[in-house]
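S.K.: Sending over a structure as structure tokens; questions will come in a sec.
The values are calculated or read from the model by the stated rules, or taken from the named source; none is laboratory data. Keep in mind it's a predicted model, so treat the numbers as computed, not measured. Neighbour counts run over all protein chains shown; Cβ positions are idealised from the backbone, glycine included. Keep in mind that these areas ignore ligands, DNA and RNA; they rest on the heavy atoms of the full protein, side chains included. Shrake-Rupley method; radii C 1.70, N 1.55, O 1.52, S 1.80 Å.
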Amino acid sequence: MSYTFTMFPLNYFFTFLYYTDQLSTVLVLIMLYFVYKKSFKLSALAGLYAVFTRQTNIIWVLWTTIIISWDLLQVDLPKWIKLIISKPKSTGKNSQSNVHGRSRQNSSKKMSFVENNILFWSECIVKIAPRVMPYAIIMLSFVGFLIINQGIVVGDRTAHQASLNFPQMFYFSFFVGFMLSPLMILFGLHDTFIKIRKHSILFVSMVILGLIIVNLNTIVHPYLLADNRHYTFYIWKRFYEWYPIVRYFLVPCYVIIWFWIWTSVKFHPVLFLGFLFCLAASIVPQKLLEYRYFIIPYYILRMEMKYMDWKHLIPEAIFHILINIFTIYQFIVNPFVLEGQTVISRFMW
């Protein structure tokens with residue numbers, strides 16, 4: 001697994017260039033590593049440095065808090081469910097002589113039920129609070145930074161304007177589907193289509209919603225169309241822009257890939273919903289389609305997938321090596337000069 005992570009095409013390519021993605025990714029992974037080792041203070045320290053490296057990493061500090069909270073909460077959750085099931089119900093008898101006595105008894109039971117719930121959740125908060133306090137301090141400090149800085153952007157605010165770009169969730173799914181296509185094609189499609197048949201109404205609803213989102217919310221950042229060094233420029237120009245109908249034809253593919261992800265991850269459903277929330281908070285506000293924004297959520301998803309055997313890792317690694325050979329070759333062998341400039345440009349992610 002560590003080798004396939006090292007060979008992951010985006011991270012591998014930008015390792016040779018001056019970008020903050022490598023440091024940012026390593027710090028987030030260290031933060032998660034120390035969580036699994038139960039070293040929460042070291043984890044929070046890594047999270048703090050991750051936020052210093054890239055502000056949007058505050059989302060993954062929140063994700064870490066969700067992981068820790070759920071890990072503690074799920075131990076006591078059966079007690080709460082039992083408490084809910086044992087909620088007092090009326091006996092159904094209505095004789096006049098007993099009505100006042102039953103009313104007082106039911107009222108007392110209801111008060112006891114409410115008190116037990118308050119007590120249960122108070123105990124949960126007391127248990128969770130010490131663990132998440134370092135992360136809460138980071139997040140509260142970040143709120144202070146937002147107030148003082150009047151926003152999250154440090155630098156050119158005009159180039160990094162927040163928006164609601166919901167198709168980013170589709171671009172992310174397609175990115176994951178492409179990068180893990182050997183796993184999806186060789187090992188995942190059968191189970192995916194079984195799940196789609198079981199949840200056909202959900203699948204159709206997601207496709208319809210996706211078509212509406214693509215129609216009403218497709219946003220194109222000026223940089224996407226202006227910088228022809230990046231592969232996203234050619235993908236957009238030669239597919240999404242030249243053949244607008246392609247945007248709609250791809251929607252079922254996006255949804256199928258999301259179903260495959262749903263089938264493949266080992267997350268508890270609560271954690272999966274938490275991950276989707278953090279993913280959306282991380283990429284939906286981004287107006288620019290930039291694959292580097294997908295690196296950290298990709299790693300988090302990949303770590304939680306069931307494909308961990310050598311039969312899974314070998315085709316994945318080979319595919320990533322082939323992509324790396326192609327991208328490095330294009331970068332080194334095919335430089336070009338933009339019209340009206342003298343500086344050499346090179347193809348890159």
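S.K.: Filter the stretch 291-316 down to the residues that are open to solvent by 10 Å² or more (accessible area, probe 1.4 Å) and either touching a strand residue (DSSP E or B) at 6+ places or on another chain (Cβ under 8 Å) or of a type in the set (A, V, I, L, M, F, W, C) (or both) and list them by number.
M.R.: Ile296, Met303, Glu304, Lys306, Met308, Trp310, Leu313, Ile314
Here is a yes/no grid of residues against (1) surrounded by 11 or more Cβ atoms within 10 Å (Cβ to Cβ); (2) modelled with pLDDT of 70 or more:
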site	(1), (2)
Trp70	yes, yes
Pro88	yes, no
Thr91	no, no
Lys109	yes, no
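S.K.: What are the residue pairs meeting all of these: first residue in the stretch 321-347, first residue over 24 Å from Met7 (Cα atoms), second residue of a type in the set (Lys, Arg) and part of a loop (DSSP other than H, G, I, E, B), Cβ atoms under 8 Å, and 6 or more apart or on different chains?
M.R.: Phe336/Arg346; Ser345/Arg229
S.K.: Right, another one. Given the condition open to solvent by 30 Å² or more (accessible area, probe 1.4 Å) and of a type in the set (Gly, Ala, Ser), answer yes or no: does some residue in the stretch 324-347 qualify?
M.R.: In the first step, residues of the stretch 324-347 are kept if they are open to solvent by 30 Å² or more (accessible area, probe 1.4 Å); the result is 325-326, 328-344, 346-347.
When the remaining residues are screened for being of a type in the set (Gly, Ala, Ser), the result is 340.
Yes, the conditions are met somewhere in the stretch 324-347.
S.K.: In the stretch 20-54, how many are under 24 Å from Leu72 (Cβ atoms) and in a loop (DSSP other than H, G, I, E, B)?
M.R.: Residues meeting the conditions: 3.
S.K.: Evaluate the following for Val343: is it over 28 Å from Ser264 (Cα atoms) and out of contact with any Lys or Arg (no Cβ under 8 Å at 6 or more places or on another chain)? Break it down stepwise before answering.
M.R.: Numbers: over 28 Å from Ser264 (Cα atoms): yes; out of contact with any Lys or Arg (no Cβ under 8 Å at 6 or more places or on another chain): yes.
When the stated conditions are applied, Val343 passes them.
S.K.: Quick check: anything in the stretch 6-19 modelled with pLDDT under 95, open to solvent by 30 Å² or more (accessible area, probe 1.4 Å), assigned to a helix (DSSP H, G or I) and within 30 Å of His268 (Cα to Cα)?
M.R.: Yes, there is a match, as at least one residue in the stretch 6-19 is modelled with pLDDT under 95, open to solvent by 30 Å² or more (accessible area, probe 1.4 Å), assigned to a helix (DSSP H, G or I) and within 30 Å of His268 (Cα to Cα).
S.K.: Another one. Report, ordered by the first and then the second residue, all pairs with beta carbons closer than 7 Å, sequence separation of six or more or different chains, a first member in the stretch 19-38 that is free of Cβ contacts under 8 Å to residues at least 12 places away in the same chain, and a second member that is surrounded by 14 or more Cβ atoms within 10 Å (Cβ to Cβ).
M.R.: Gln22/Asn11; Gln22/Phe14
S.K.: So, restricting to helices (runs of 4 or more DSSP H) that lie completely within the stretch 134-228, which ones have at least 1 residues that are open to solvent by less than 60 Å² (accessible area, probe 1.4 Å), of a type outside the set (Phe, Trp, Tyr) and under 30 Å from Ala44 (Cβ atoms)? If you could, list the steps in order and put the result at the bottom.
M.R.: Working: elements: 168-179, 189-198, 200-217, 222-226.
Result: 168-179.
S.K.: Regarding the stretch 304-327, can at least one residue be identified that is within 16 Å of Tyr19 (Cβ to Cβ) and among the acidic types (Asp, Glu)?
M.R.: Within the stretch 304-327, not a single residue is within 16 Å of Tyr19 (Cβ to Cβ) and among the acidic types (Asp, Glu).
S.K.: Does Ile235 satisfy the criteria of being open to solvent by 70 Å² or more (accessible area, probe 1.4 Å) and in a helix (DSSP H, G or I)?
M.R.: Criteria not met by Ile235.
S.K.: Go through (1) open to solvent by 60 Å² or more (accessible area, probe 1.4 Å); (2) under 12 Å from the mean Cα position of the chain (by Cα); (3) modelled with pLDDT under 95; (4) not polar (S, T, N, Q) one by one and return the number of the condition Leu273 breaks.
M.R.: (3)
S.K.: If you don't mind, there's one more thing I want to ask. Of all residues in the stretch 122-133 being touching a residue at least 12 places away in the same chain (Cβ under 8 Å) and open to solvent by less than 90 Å² (accessible area, probe 1.4 Å), which is nearest to Val51 (Cα to Cα)? First the steps, then the outcome.
M.R.: Here is the first cut: in the stretch 122-133, the residues touching a residue at least 12 places away in the same chain (Cβ under 8 Å) are 123-124, 127-128, 131-132.
Narrowing the set further to residues that are open to solvent by less than 90 Å² (accessible area, probe 1.4 Å) leaves 124, 127-128, 131-132.
On the way: Cys124: 28, Lys127: 26, Ile128: 23, Arg131: 19, Val132: 16 Å.
Checking each candidate, the answer is Val132.
S.K.: Would you please name the residue that is nearest to Leu209 (Cα to Cα), looking only at residues in the stretch 239-278 that are part of a loop (DSSP other than H, G, I, E, B) and among the aromatic types (Phe, Trp, Tyr)?
M.R.: Initial filter on the stretch 239-278 (part of a loop (DSSP other than H, G, I, E, B)): 242-244, 250, 266-268.
Imposing the further condition that a residue be among the aromatic types (Phe, Trp, Tyr) reduces the set to 242-243, 267.
Values: Trp242: 24, Tyr243: 21, Phe267: 24 Å.
Restricting to residues being part of a loop (DSSP other than H, G, I, E, B) and among the aromatic types (Phe, Trp, Tyr), the top hit is Tyr243.
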